[in-house]
Amino acid sequence: MTPPRRKAAARPFAVGAGDRVVVTGGAGFIGSAVVRALLGRGAAVTATVEPGGGTENLDGLDVDTTTVDIRDRDAVFGAVAGARFVFTSPPSMASGRGTPPSSTTSTSQAAAT
């Protein structure tokens, strides 16, 4: 009897030098840490910033920023166009400015398709 074939292991994706990467919520606490890690790999990073949001966490970093309301599907598609990778960082609910996850899920899923 022939043993069952093993599935080939999935190859991990790797962010490399020159890859264009978008980080939604990239100016936030967690998002800015993701931005720093990506810059450390040599990626060209664009961080989306919510309207009225600050960019203090990105000060001194070689990162592009674009203001995007994550609930605006067309704005999201425009921000991620041409990116090899998109990382999403949820908005903070503590500030009272963040959008509840239920209203961002459909836009994030739509942008991923």
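Read-outs throughout are calculated quantities, based only on the coordinates presented, and are distinct from any laboratory measurement. Quantities reported herein were computed from a predicted structural model and do not represent experimental measurements. Glycine also receives a Cβ, built like all others from the backbone with ideal geometry; neighbour counts cover every protein chain displayed.
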If you take the beta carbon distance between residue 36 and residue 77 as r and set R0 to 25 Å, what does 1/(1 + (r/R0)^6) give as a FRET efficiency, to the nearest 0.05? 0.45
Förster radius 35 Å - calculated FRET efficiency between residue 20 and residue 56, Cβ distance, rounded to 0.05: 0.90
Just grab the label-to-label distance for residue 85 and residue 67, each label 7 Å out from Cα along the Cβ direction, in nm (one decimal). 2.9 nm
